[in-house]
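*Asks:* Please read through the structure below; I'll follow up with questions.
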Amino acid sequence: MVQAAPQPIAELPLQADGEGGWRLPAGEYLGSFSIDRPLQIRCEPGAVLDAQGQGNALLIEAADVVLEGCALRNWGRDLTAMNAAVFIGKEAHGAVIRDNRLQGPGFGIWVDGTHDVRLIGNAIQGDPSVRSQDRGNGIHLYAARGAQVIGNRVRDTRDGIYIDTTNGGRLEGNTLEDLRYGIHYMFSNDNQVIGNLTRRTRTGYALMQSRKLRVIGNRSEQDENYGILMNYITYSTLHDNLVSEVRSGATGDSMIAGAEGKALFIYNSLFNSIEHNHFQGSALGIHLTAGSEDNRIVGNAFVDNRQQVKYVASRTQEWSVDGRGNYWSDYLGWDRNDDGLGDVAYEPNDNVDRLLWLYPQVRLLMHSPGIELLRWVQRAFPVMKSPGVQDSHPLMQLPTRDLLEAAP
């Protein structure tokens, strides 16, 4: 079936608003539409663009377009053709898409190779009857320099916000629920991820192949497999994030094997600052692997995770800086001089843990006399201790109480 060319939106019954813009009256407008010159359009309540299951609902091909308050629905589902409710082309720099309501199976908003686009306060709803991998992303940024994505709500799409080869952008205050990945970065540098919320995703924040990310003040609630995943991330900052109740789940579409309900997973990532984060109530607090060394990990709280740390190292990793470490809810040491620091180091893993990681079938013997004997021997003869994580100055008081108090 050959799709008809989109109809210019200027042919609809637009009405001047007296301020240089145009109003689209209430009504159902069927078909695909396009904007090829600068326009500011605000939809009145009840104005709906219905693409009737074909192509894009709206194609923007001009700079400085503003679309506000519109309902778009029933656009195409051809992901190869990049069918979207709003497709913002290369010429459409400076576009503003604000307070619109989008519902359909394909991509929500696709930004293609342009710059300084602002996507603000939109509600995007995918089709939960379609398999997750067959849905489009809620917001898809490709080579979209300087994009601002603020205060949007996305649910039931594939990924909430997908960022590819996009630099200098800001994602702030978005709510992303019931998705594959909430926020998914690929090959993108110098971006900010500030104050977002993911809930019931299969990975909250999938940060991949990028550098100089500032991930600050975000929350992950009841996500599955990973709260925050860092894969080949360098020179980045993770501060003031709160991750809770990450559970083990399906691994069929997981990018990295071993999804064990990890609040923070760091894979082959170096030279990052991970400070003042709160990781709570998950199957695994933090897992580092594949040479993830030389990261600054200090001032964090690891609270009531079933297992706090998983890390096999080639050399001991010190997780304290300038005499200050992290808070561990299972720390059994004491503070005799009342300086707020534990008097003995916190060492979360021992040789038996490493044995269990290398040979999972040994878990059947977890509480056997043989395993208990191994643990006693390594305590009695510490010279046998292998390299691993050590926090020489564990914190005795929770450093992230402010994050818990700020959470709604």
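*Asks:* Can you pull out the trypsin sites (Lys or Arg not before Pro) in segment 125-219 that DSSP calls coil and that have at most 10 other Cβ atoms within 10 Å?
*Replies:* 131
*Asks:* When Rg/Rh (Cα atoms, Kirkwood Rh) is calculated directly from the model, which label among (1) 1.08; (2) 0.96; (3) 0.99 fits?
*Replies:* Matching entry in (1) 1.08; (2) 0.96; (3) 0.99: (1).
*Asks:* Using a 1.4 Å probe on the protein heavy atoms, what percent of the accessible area of segment 86-148 belongs to carbon and sulfur?
*Replies:* With neighbouring chains kept in place, the figure for segment 86-148 is 47 percent.
*Asks:* Among the lysines in the chain, how many pairs, 8 or more places apart or on different chains, have alpha carbons under 30 Å apart? Can you show the working numbers first?
*Replies:* Numbers: 90/212; 212/262; 212/310; 262/310; 262/385; 310/385.
The result is 6.
*Asks:* Sticking with this one: If each of residue 127 and residue 330 carries a label point 7 Å out from its Cα toward its Cβ, how far apart are those two points in nm?
*Replies:* Rounded to a tenth, the inter-label distance reads 4.6 nm.
*Asks:* Roughly speaking, what is the centre-to-centre gap between segment 1-34 and segment 114-141 when only Cα atoms are used, to the nearest Å?
*Replies:* Centre-to-centre distance over Cα atoms comes out at 22 Å.
*Asks:* Now for a different question. Could you give the length gained on full extension between residue 15 and residue 322, defined as 0.36 nm per residue of separation minus the Cα-Cα distance, in nm?
*Replies:* Details: separation 307, 0.36 × 307 = 110.52 nm, distance 6.48 nm.
Contour length minus Cα-Cα distance gives 104.0 nm.
*Asks:* Now a separate question. Which percent of the accessible area of segment 256-340 is formed by carbon and sulfur heavy atoms (probe 1.4 angstrom)?
*Replies:* Carbon and sulfur: 45 percent of the exposed surface of segment 256-340.
*Asks:* Same structure again: Let me check I've understood the local charge: for residue 269, count other residues with C-beta under 13 angstrom from its C-beta, Lys and Arg +1, Asp and Glu -1. What total comes out?
*Replies:* That sum, taken over residues with Cβ under 13 Å, equals +1.
*Asks:* With every protein chain present, what is the per residue accessible area of the chain (1.4 Å probe, Å²)?
*Replies:* I get 43 Å² per residue for the chain.
*Asks:* Could you give the spread of the C-alpha atoms of segment 99-192 along their three principal axes, from largest to smallest, in whole angstroms?
*Replies:* Reported extents, whole Å, longest axis first: 36, 26, 19.
*Asks:* Ok, one more. So what's the angle, to the nearest 10 degrees on a 0 to 90 scale, between helix 369-380 and the longest Cα principal axis of the chain?
*Replies:* Here the helix axis deviates by roughly 80 degrees.
*Asks:* Would you mind counting up the charge near residue 178? Only other residues with Cβ under 14 Å from its Cβ, with Lys and Arg at +1 and Asp and Glu at -1. Kindly include the intermediate steps, with their values, before the conclusion.
*Replies:* Details: positive: 131, 135, 153, 155, 158, 180, 199, 200, 202; negative: 127, 156, 159, 177, 221, 223, 224.
Net local charge, residue 178 excluded: +2.
*Asks:* Between residue 200 and residue 293, what is 0.36 nm times their sequence separation minus the Cα-Cα distance? Round to one decimal in nm. Numbers along the way, then the final one.
*Replies:* On the way: separation 93, 0.36 × 93 = 33.48 nm, distance 3.00 nm.
Between residue 200 and residue 293, full extension yields an extra 30.5 nm.
*Asks:* So what's the back-of-envelope 222 nm ellipticity for the chain, counting only DSSP H runs of four-plus at -39500 (n - 2.57) apiece and dividing by all residues, rounded to 500?
*Replies:* Mean residue ellipticity at 222 nm (helix-derived): -2000 deg cm²/dmol.
The values are calculated or read from the model by the stated rules, or taken from the named source; none is laboratory data. These numbers were taken from a predicted model, which means no experiment stands behind them. When we count neighbours, we look across all protein chains shown, and the Cβ atoms used for this are built from the backbone with ideal geometry, even at glycine. Heads up: the accessible areas ignore ligands, DNA and RNA and are worked out on the full protein's heavy atoms, side chains in. Shrake-Rupley method; radii C 1.70, N 1.55, O 1.52, S 1.80 Å.
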